[in-house]
Amino acid sequence: MFKLLASDFDNTLAYKWKISESNINSIKKLNKEGVDFALVSGRPYNNIKHIFKRYGIEGHIIANNGAVVSEYDKGVICDFPIDKKEVKELIDICIRNRWTYLFYSLDTCFLAGGPVQRFLHKIFAWPVKKITGVGLKSFYPKKDLSEYPDFYKMNIYAPGPEADDLRDRINNKGKLSATRSGTKMIEIMNAGVNKWKGLSCLIGDLGISEDRTGAIGDYDNDIEMLRKAGISFAVANASPGAKEAAQVMVSDVREGGFSQAVEIILEKNRAL
């Protein structure tokens with residue numbers, strides 16, 4: 001019997017940052033029939049809390065691609081901050097190539113930039129926090145990284161082939177983990193951190209076995225959890241890697257793929 005469904009957010013549960021009414025009802029249906037829900041996303045912790053509150057959803061949180069794990073009634077139970085010593089080299093690479101980059105703590109997004117950008121960060125900080133639940137602050141590359149709070153994820157925006165090359169170099173070095181979550185973006189966490197690591201922490205704390213866990217996703221940063229969950233789904237709009245990793249294909253995010261996955265899980269539970 002399945003006890004938990006873990007879902008990616010963007011282009012899996014939500015389309016253009018909005019969750020459909022049918023998907024909200026499907027989450028509530030899961031809860032009603034005794035199946036827990038977990039939102040597993042590259043998004044920061046406070047943003048997912050904000051999403052839950054906005055849509056009236058109850059569930060567990062796995063944020064920053066597995067770097068922060070929060071059980072519904074316990075708060076944060078596992079966290080894996082980035083090794084800041086390893087980040088300095090990446091900052092230098094970004095500066096040399098003029099690539100945009102940013103960092104996420106639990107509740108704040110830190111953006112680099114010159115005087116104009118820093119002025120804009122201050123102007124937009126309040127509306128951004130109101131809309132997303134996440135604070136906005138300037139990041140100063142020359143400042144000692146130890147003076148900043150723990151970072152759980154770094155995003156680097158680079159042209160596709162160059163992003164692929166950087167991702168592979170990071171992973172081969174073994175000090176940090178990097179994954180693709182878009183055509184021009186790589187997401188960087190501490191070594192060994194991915195969505196499955198975060199999900200493993202959660203199911204271990206809940207006392208749920210892997211074979212009673214479901215997962216649904218759409219992109220390469222979902223691959224590990226799609227491969228290892230008891231049952232896994234890829235939406236029709238998923239990347240080739242995510243489709244290959246998943247056991248079951250469902251419809252496009254815009255055509256009810258998430259709700260289809262929920263119904264499959266509930267039907268299997270009812271058949272027992």
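The values are calculated or read from the model by the stated rules, or taken from the named source; none is laboratory data. These numbers were taken from a predicted model, which means no experiment stands behind them. Positions of Cβ are backbone-derived with ideal geometry, glycine not excepted, and every protein chain shown enters the neighbour counts. The area values use the complete protein model at the heavy-atom level, side chains included, leaving out ligands, DNA and RNA. Shrake-Rupley method; radii C 1.70, N 1.55, O 1.52, S 1.80 Å.
Looking only at region 165-190, count every residue that is at pLDDT below 90 and open to solvent by 50 Å² or more (accessible area, probe 1.4 Å) and tell me the total.
So in region 165-190, the residues at pLDDT below 90 come out as 179-185.
Now narrow it down to the ones that are open to solvent by 50 Å² or more (accessible area, probe 1.4 Å): 183-184.
Summing the residues that are at pLDDT below 90 and open to solvent by 50 Å² or more (accessible area, probe 1.4 Å) in region 165-190 gives 2.
Suppose we keep only residues that are farther than 17 Å from R212 by Cα and more than 20 Å from the chain's Cα centre (by Cα) within region 19-31. Which one would you say is least open to solvent (accessible area, probe 1.4 Å)?
Result: S26.
Which pairs turn up if I take residues in region 211-230 that are open to solvent by 10 Å² or more (accessible area, probe 1.4 Å) and look for partners that are aromatic (F, W, Y) with beta carbon separation below 7 Å, at least 6 apart in sequence or on another chain?
Note: pairs meeting the criteria are R212/F2; E224/W196; K228/W196; G230/F2.
Which strands (runs of 3 or more DSSP E) does region 1-115 wholly contain that include 2 or more residues that are without any contact (Cβ under 8 Å) to a residue 40 or more places away in the chain? Show your work before the answer.
On the way: elements: 4-7, 36-40, 60-63, 68-71, 75-79, 100-104, 108-112.
The strands (runs of 3 or more DSSP E) meeting that bar are 36-40, 75-79, 108-112.
Restricted to region 259-272, and to residues that are touching a residue at least 60 places away in the same chain (Cβ under 8 Å) and of a type in the set (V, I, T), which residue is surrounded by the most Cβ atoms within 10 Å (Cβ to Cβ)?
The extreme case among them is V262.
With respect to A234, determine if the residue is touching a Gly at 6+ places or on another chain (Cβ under 6 Å), crowded, with 18+ Cβ neighbours inside 10 Å and among the small types (G, A, S). Walk me through how you get there before you give the answer.
Details: touching a Gly at 6+ places or on another chain (Cβ under 6 Å): no; crowded, with 18+ Cβ neighbours inside 10 Å: yes; among the small types (G, A, S): yes.
It is false that A234 is touching a Gly at 6+ places or on another chain (Cβ under 6 Å), crowded, with 18+ Cβ neighbours inside 10 Å and among the small types (G, A, S).
Of these, G133, G204, which one is open to solvent by 40 Å² or more (accessible area, probe 1.4 Å) and not acidic (D, E)? Before the answer, list the steps.
Values: G133 fails: open to solvent by 40 Å² or more (accessible area, probe 1.4 Å).
One residue alone meets the criteria, G204.
Determine whether K137 is out of contact with any Gly (no Cβ under 6 Å at 6 or more places or on another chain) and not in a helix (DSSP H, G or I). Let's see the steps before the verdict.
On the way: out of contact with any Gly (no Cβ under 6 Å at 6 or more places or on another chain): yes; not in a helix (DSSP H, G or I): yes.
Criteria met by K137.
Out of region 191-201, which residues are open to solvent by less than 10 Å² (accessible area, probe 1.4 Å) and of a type in the set (G, A, S)? Explain how you work it out, then say what you get.
We begin by selecting, within region 191-201, every residue open to solvent by less than 10 Å² (accessible area, probe 1.4 Å); these are 193, 195, 198-199.
The answer is G198, and nothing else.
Mind listing just one residue for me: the one in region 3-18 that is under 17 Å from G198 (Cα atoms) and surrounded by fewer than 23 Cβ atoms within 10 Å (Cβ to Cβ) and, of those, nearest to the chain's Cα centre (by Cα)?
First pass over region 3-18, keeping only residues under 17 Å from G198 (Cα atoms): 3-9.
Now restrict to residues that are surrounded by fewer than 23 Cβ atoms within 10 Å (Cβ to Cβ): 3, 9.
On the way: K3: 21, F9: 7 Å.
My answer is F9.
What number of residues within region 237-258 satisfy the criterion of being open to solvent by less than 20 Å² (accessible area, probe 1.4 Å), in a helix (DSSP H, G or I) and among the small types (G, A, S)?
3
Wholly within region 149-203, which strands (runs of 3 or more DSSP E) include no fewer than the required count, namely at least 3 residues that are among the small types (G, A, S)?
On the way: elements: 153-157, 176-182, 185-190.
It comes to 176-182.
Could you run through region 54-84 and say how many residues are closer than 20 Å to T108 by Cα and open to solvent by 20 Å² or more (accessible area, probe 1.4 Å)?
10
Hey, can you tell me all the residues within region 32-53 that are more than 18 Å from the chain's Cα centre (by Cα) and surrounded by fewer than 19 Cβ atoms within 10 Å (Cβ to Cβ)?
Listed by number, the residues that qualify are K32, E33, G34.
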